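Asker: Dumping the structure here so I can ask a few things about it.
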Amino acid sequence: MKTRIMVVDDDLNMRELMVTLLESESYEVIPAESAAAAQAAFEGPQPDVVLLDLQLPDGHGLDLLPVIRKQWPETEVIVLTGNATFDAAVEAWSSGRSNTSN
């Protein structure tokens, strides 16, 4: 069974690059361009990993993080951003930690 990775990124070029690279390494990839598209994927197969962009056109990745953690508690989530700040990193880390202890 292939490892399944969801890529949630609104930047078409970045999303396509990640999809191409991951598929070339034999991963099954679920692309999503927005928070809404990621949530629509909840009806499909559970990914092993979600690569989640922080800035999405219809919301913030940190708002989507607890939703993903609730829907797929076993799925690892990696938050990515091109606009990193220390506060955002701490908030992402705290959100991930608080949901894994439930």
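Asker: First compute the accessible area of the range 1-69 with a 1.4 Å probe, then give the percent of it belonging to carbon and sulfur atoms. Walk me through the numbers before you get to the answer.
Answerer: On the way: 1850 of 3580 Å².
Ligands and nucleic acids excluded, carbon and sulfur reach 52 percent.
Asker: Give me the extension gain from GLN46 to THR81: residue separation times 0.36 nm, minus the current Cα-Cα distance, reported in nm with one decimal. Can you show the working numbers first?
Answerer: On the way: separation 35, 0.36 × 35 = 12.60 nm, distance 2.29 nm.
Extra length from GLN46 to THR81 when fully extended: 10.3 nm.
Asker: If a paramagnetic tag sat 7 Å from the Cα of ASP58 along the Cα-Cβ line, which residues of the range 13-37 would have the backbone N under 15 Å from that point?
Answerer: Residues 31-37 fall inside that zone.
Asker: Residue-wise, which Karplus ³J(HN,Hα) couplings in Hz belong to the range 59-72, taking 6.51 cos²θ - 1.76 cosθ + 1.60, θ = phi - 60°, and x for glycine or proline?
Answerer: Coupling constants for the range 59-72: x, 9, x, 5, 6, 7, 3, x, 5, 4, 4, 6, 5, 10 Hz.
Asker: List the trypsin sites (Lys or Arg not before Pro) within the range 1-33 that DSSP assigns to loop and that have no more than 11 neighbouring Cβ atoms inside 10 Å. Display every interim value, and only then the final one.
Answerer: On the way: sites: LYS2, ARG4, ARG15; in loops: LYS2.
Those that pass, being in a loop and sparsely packed, are LYS2.
The values are calculated or read from the model by the stated rules, or taken from the named source; none is laboratory data. Remember, it's a predicted structure, so these values are computed and weren't measured experimentally. Glycine gets a Cβ as well: all are built from the backbone with ideal geometry, and neighbour counts include every protein chain shown. With ligands, DNA and RNA removed, areas are computed over all heavy atoms of the protein, side chains included. Shrake-Rupley method; radii C 1.70, N 1.55, O 1.52, S 1.80 Å.
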